[in-house]
Structure formats: structure tokens, C-alpha cells
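Following: one structure in C-alpha cells, then a few remarks.
What follows is calculated from the coordinates using simple rules that are stated; it is not laboratory data. Source: prediction; values computed, not measured. Ideal geometry is used to build each Cβ from the backbone, glycine not excepted, and the neighbour counts take in all protein chains shown.
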Amino acid sequence: MNKDIVLFDMDGTLTEARKPFAPFLSSPLWSLAQVSDIGIVTGSDMDYVKQQMSDLLDNHSIRYCLHILPCNGTKWYLPPEFAAHEHSICHSVSMEDELGKMKYRRLLEILCNLQSEVASDYGVPLSGHFISPRGSMINWSPSGRLADEAQRAKFKKFDKNFNFRSQMFMKLRLMLDSNDMQNVVVKLGGDTSFDIYPTGWDKTYALRHFGDRNVWFVGDRARSPKGNDYEIFKACEPRSFHTNSPEYTREIIIELVDKIRGGRNETN
């Protein structure tokens, strides 16, 4: 019988935003690993997963049942079999191939123009690494991925006070539609950025990898259609849970162990 698999969002679920893995989750995740496989499905690319989740990827026995699904699951890294092995990629897709070279280039031009407008017309803090092509998606961070904690806090306050990202969302959406890119999706990514990808490449893409297995999901950006956990949360119902912090995720994991173990007992 195929094991159930529990998919977790990363930022805001297993970690605070852009912070390392919360170590108090190790023990409950280990208990969960006794009854199911585990996956991390995130809009971030593998480099950020490695930065934030190094304890699990490198040093913990959970690594042998841990699937890594960066870029909404459009990339899939299989668990290693041996201690000397790392997670190995077995699936990836290209946004440029999906859209075509001309539309993909035009999309990058639109983002560069909007970033120039942000730099000249808005008082947001600026760091660097504003536009991040990730192969199967693009992340746009108006403040920059290199923002330190003070800059991130200032941007979040500015965004809250002036609804800045909602303004940028509408501008970007209108520009995409006027350039015949209705098949490009824009979602709020974390607290400071946007995730941009072809239609259907949201986090439900990750479900394609697991066939008829029971898939559970835990994430924090699930309440609003603008959040990047919304579609997979809906797709996994009633096996989905909304969290608002790693501390609350711990309580969910404890509940999940009982639910999955109980479900197995019922089918035996």
C-alpha cells in the first residue's frame, strides 16, 4: 500500500519568512515520518530550500523520506537512499519553453519597467536581486531578495499602509493582459514578492508526482485566492490545514500523526 504523503509550505509554515527551519519541529516531524512520507512544496528555488532547511536535508533521518518540490513543484527532488547522497532532481520544466521566447522576453521587459518605476516613484527600501528567473517561474521582489531584516520590516509596513503590492499586482495584471499573456498567473509570494508562472503551474502541479496516493497539505497562504497556497489547499480538502506560524504547524503535525495512523488502522 502506498504511504500517505504530507506536503508542507516552507516560509510561514516550517520556518519564519526567510529564516532557518524551526528546530522544535524535528521531533513531531520524525513521528510523522513513521506513518507517511513528507514533502516541502515552495515557490522558492532549491538554493533557498538548502539555506533554510539544511538541518533536515543534511543531518536528520527524515531526509530519507523527504521530497523537495521547489518552484511550486515544477521541480522535484527525490529523497536520497544513502548518507553520502544528496537529493536528486527527477523532474523540471521551462517557463520560457511554455510561453515562447518572445513572450518570455516581453514578460521580463515588463518587470524591468515596473521595477524602474518602483525605484523612481516609490519610497520603498531597495537592496538588490529584484527579478529572479527560476526556470519554471519568475519571482519579482520590488524591495529585492537581498533585503536585510530592517529593510524587510520597512517594506512590510509600507505595503500594509499603502496597499503597495495590490497596486503593483493590478498594474502587472493589466500589462500582461494587454500583451496577450492571460495564461500567466501572478500570486503574492511570501511577505515581499510576487510569484509569476504559467497557468496550471501553481502548487497543485506537485500533486502530479504522487498518483493516487493520499496527499495532505499544510500552508499559511491559503485563505485568499491571491495567496500561493490557495489552489493546493482547495485541491487537497478535506486533507488540508491552514497554519499561521511554525508553532501552530507543530500542533497540526501532532494531529496529523493520529489522523493518518487512524486511517491506516481502519483500512487494515
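The ratio of the alpha-carbon radius of gyration of region 152-228 to the globular-protein estimate 2.2 N^0.38 Å is 1.31. Rounding to the nearest 10 and keeping the result within 0 to 90°, find how far the Cα-based axis of helix 164-178 lies from the longest principal axis of the chain. Taking Cα atoms only, the helix is inclined about 80 degrees. Each residue of region 140-156 is assigned a 3J(HN,Hα), and the resulting list reads 10, 10, x, 8, x, 5, 8, 4, 7, 4, 5, 5, 4, 5, 5, 5, 4 Hz, derived from the Karplus form 6.51 cos²θ - 1.76 cosθ + 1.60 (θ = phi - 60°), x at Gly and Pro.
Just want the answer: with Cβ charges of +1 for Lys and Arg and -1 for Asp and Glu, which residue in Leu172, Leu111, Asn59 is farthest toward the dipole's positive end in region 47-190? My answer, from the dipole projection, is Leu172. The charge dipole of region 1-134, taken about its Cα centre with unit charges on the Cβ atoms of Lys, Arg (+1), Asp and Glu (-1) only, comes to about 140 debye. Taking the C-alpha atoms only, the angle from helix 101-121 to the longest principal axis of the chain is near 70 degrees.
Based on a Kirkwood Rh over C-alpha pairs, give the Stokes-Einstein translational diffusion coefficient of region 199-268 at 25 °C and viscosity 0.890 mPa s in µm²/s. The calculation lands on 188 µm²/s. Here the chain is treated as an ellipsoid with the same Cα gyration tensor; its semi-axes, largest first and in whole Å, are 33, 20, 17. For a 27 Å ceiling on Cα separation, which of these pairs sit above it: Lys50/Lys103; Lys3/Lys50; Lys187/Lys259; Lys75/Lys101? Lys50/Lys103; Lys187/Lys259, as the Cα separations exceed 27 Å there.
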